[in-house]
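Peer 1: Take this structure, written in structure tokens, and hold onto it; I'll ask about it next.
Values in this text are rule-based calculations from the coordinates and carry no lab data. Since this is a predicted model, take the numbers as computed values, not measurements. Using ideal geometry, Cβ is built from the backbone for each residue, glycine included, and neighbour counts are taken over all protein chains shown.
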Amino acid sequence: MYNLIVLPSKYRWDGEYANLSKERYLEYTDETLIAAYSELDEKTIAYLKSLPAIFASEMGDAYIGQITDIIERRGEVRFYYMIDEQYEPLNLSDITNRTFDFDTHNFECSRSHWALKDVDLYKALKTTKLLKERKAQNLELNVESVSTGQTAKKISLIENSEESERKSKVDWQTFAAIATIFGVIISAIALFL
């Protein structure tokens, strides 16, 4: 099973909690699951926290994560969450377009709600090839002193995505070109002194 929580398109999922009307809790959820989990008692909260979750913005990005706490008060549900940074963001329409695999409905991505789905989330993500781990790329650079020729510092960076990797290659190429020009200028100045 998994939690599917969709909030308005302006919601960015960069905080630690969000609120949702209790009326929207368990929308787009099978009747048997509604009967079993409609009361947010300690047992239900513990179970919901044990499940993986997809946190999404209407018609936008979606993130894999975990609910860490739930509080119900005055017709509102506040849930605390943690995004799993090891996975790339998903597009919510990729999930809702695969209605059988994720037990979703056609217009589910256009309404704020919290659904409970009787589907193995990670199996569905792997089967549909939507699960993508962030790529780690180790880059090492030895910086040599222009005047002494000795290695002064070793820099190690980790870039986390193909886009970052592409940008870092351009940045490092620019850095190398500037460093070469700077070295030529320093050498020219040293000749005149």
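Peer 1: Tally Lys and Arg at +1 and Asp and Glu at -1 over the other residues with C-beta under 12 Å from the C-beta of ALA53: what net charge comes out?
Peer 2: Net charge around ALA53: +1.
Peer 1: Taking the Cβ-Cβ separation of TYR47 and ILE181 as r and a Förster radius of 45 Å, what is the calculated FRET efficiency to the nearest 0.05?
Peer 2: 0.15
Peer 1: Right, here's the next one. Using the 10 angstrom Cβ neighbour count as an exposure proxy, how do ILE71, ILE189 rank, fewest first?
Peer 2: ILE189, ILE71
Peer 1: How much length would be gained if the chain were fully extended between ARG12 and ASP120, taking 0.36 nm per residue of separation minus their Cα-Cα distance, in nm to one decimal?
Peer 2: Full-extension gain reported as 36.3 nm.
Peer 1: Continuing with the same structure: Are any of the pairs LYS10/LYS117; LYS49/LYS123; LYS10/LYS132; LYS43/LYS132 more than 30 Å apart by Cα-Cα distance, and if so, which?
Peer 2: Those over the limit are LYS43/LYS132.
Peer 1: At 0.36 nm per residue, and after removing the present C-alpha to C-alpha distance, how many nm does the segment from MET82 to MET1 gain when stretched out fully?
Peer 2: In short, 27.4 nm is gained.
Peer 1: Roughly speaking, what is the stretch gain from ASP94 to ARG74, that is 0.36 nm per residue apart minus the C-alpha to C-alpha distance, in nm to one decimal?
Peer 2: Length difference between fully extended and current span is 3.8 nm.
Peer 1: Peptides 109-120, 32-43: what's the order by average Cβ count within 10 Å, highest mean first?
Peer 2: 109-120, 32-43
Peer 1: Over the stretch 2-127, what is the relative contact order in whole percent, taking alpha-carbon pairs under 8 Å and six or more residues apart?
Peer 2: It rounds to 36 percent for the stretch 2-127.
Peer 1: Let me ask something additional. Once the cut-off is 23 Å, how many percent of the Cα-Cα pairs in the stretch 2-127 end up in the long-distance tail?
Peer 2: It works out to 22 percent of all Cα pairs.
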